[in-house]
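One structure is given here, and the rest of the page talks about it.
Derivation of every value follows stated rules applied to the coordinates shown; laboratory data play no part. Keep in mind that this is a model prediction, so the values were computed, not measured. Positions of Cβ are backbone-derived with ideal geometry, glycine not excepted, and every protein chain shown enters the neighbour counts.
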Amino acid sequence: MLFRLWITVVVVCLVPSTIARSYLSESWSMIASNDRSQISSKCVPIPSNLTLCKNIQYTEMQLPNLLEHETLAEVVHHSQDWLSLLNLNCNPHTQLFLCSVFAPVCLPEMAKPILPCRSLCELVKEGCEGRMRQYGFPWPEMLSCNHYPEENDMCIKPPTADKISAAGATVAAPCESCTQVGTYENIIDNFCRSTVVLKARIAEIHGSEIKIRNGRSLKKGDKKRSVGEKTISLSARGACPCELKKSAPSNQRYLIMANKDVDDNLVATLILPWQKEKNFKRAVHQFSRVNCKLLGREIRYSTTPDPEALENLSSDVSSESSDE
């Protein structure tokens, strides 16, 4: 229920904004509750079916959690609605933040739950708030980062972006465009936010730029589908490492998305090796028909699909010719 804003975003088009705001307030109200003094807590193993927190860095969680779910069944049920946000990959720390709320780390000697640090909340908000606003929802007041403590030794901090090499030097974080995930939600969302979408080979990676060749535009409405050699920046923030070509075959094709900056230069938003994986192909097949103004419908289908709607969507996909 807590993240219906993604899987039912299309509802906003059908109801007054006051109702939508009321819905959000009710959905997020549990987060603001701090009256936990009367609730007895316990440590339990994180269940394998809590997909939201799969491969998280710890193994035991506290019950009740920060949302006052008292059973694992409740936690698993309500967490399903947040998978779409996680799959959007709007911030690399989204899972850590959500799990610190849904499945807070548990230390038997601690009477109070370990909260996420305010800095972790702010990083996730910075990356995800724009996506939420794009679909008609502000960052919920009940998730205000002011609810969480300033960074200290007893809150969940965001991992540092840069790494330290064996020689002691700082190694820059990889380019965001080169570390995108191939989930259906993330590919479709980036498609709708990018002005250039190509299937192409990467001729070379030189510093903070790539040169592409043998490209083909995948944006509907483009009169010229064939794209010659182009230079695309890997990041708007300057030089960053990109490991895409190191183990790829010479004929590897890529899905490349980009936008133009203020100087009319192309800056990559997503670069993924072309795949035969089911969700990758499904996303590519949707490029020609997706209505970006109603993207919430696509996100809804991807996580908690209505059987009839999913059947129709599958029929659409199977009728398309394979684009590999």
- Message: Distance cut-off 23 Å, Cα to Cα: go down the list Lys42/Lys125; Lys54/Lys157; Lys125/Lys278; Lys211/Lys293; Lys54/Lys219; Lys219/Lys281 and report the pairs above it.
- Response: Lys42/Lys125; Lys125/Lys278; Lys211/Lys293; Lys54/Lys219
- Note on the structure: Expressed in angstrom, Rg and Dmax over the Cα atoms of the range 176-304 are 14.3, 42
- Which whole-Hz ³J(HN,Hα) couplings does the range 178-193 yield from phi under the Karplus relation 6.51 cos²θ - 1.76 cosθ + 1.60, θ = phi - 60°, glycine and proline marked x? 8, 10, 5, 9, x, 6, 4, 4, 5, 5, 5, 4, 5, 4, 6, 9
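Run the numbers for Glu229 and Ser144: contour at 0.36 nm per residue of separation, minus the present Cα-Cα distance, in nm.
That pair, Glu229 and Ser144, stretches by 26.0 nm at full extension.
Taking the mean number of other Cβ atoms within 10 Å as a proxy for protection, how do you rank 285-293, 58-66 from highest to lowest?
On the way: 285-293: 14.7, 58-66: 18.9.
The densest-packed peptide leads the list: 58-66, 285-293.
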- Message: From the phi angles alone, apply the Karplus equation (6.51, -1.76, 1.60; θ = phi - 60°) to the range 118-134 and give each ³J(HN,Hα) in whole Hz, x where the residue is Gly or Pro.
- Response: 4, 5, 5, 4, 5, 5, 5, 4, 4, x, 9, 4, x, 5, 5, 5, 4
- Message: 5 Å is the cut-off here: which amide hydrogens, built 1.01 Å from N in the peptide plane, fall below it relative to Ile156, excluding neighbours closer than 5 in sequence?
- Response: Leu115, Cys117
- Query: When the chain is fully extended, how far beyond the present Cα-Cα distance does Lys260 get from Arg133, taking 0.36 nm per residue of separation?
  - Reply: 43.6 nm
- Query: Given H placed 1.01 Å from N in the peptide plane, which residues other than close sequence neighbours of Ala203 have an amide H under 5 Å from its amide H?
  - Reply: Lys211, Ile212, Arg213
- What GluC sites (Glu not before Pro) in the range 205-255 are in a loop by DSSP, with at most 14 other Cβ atoms within 10 Å of the Cβ? Glu229, Glu243
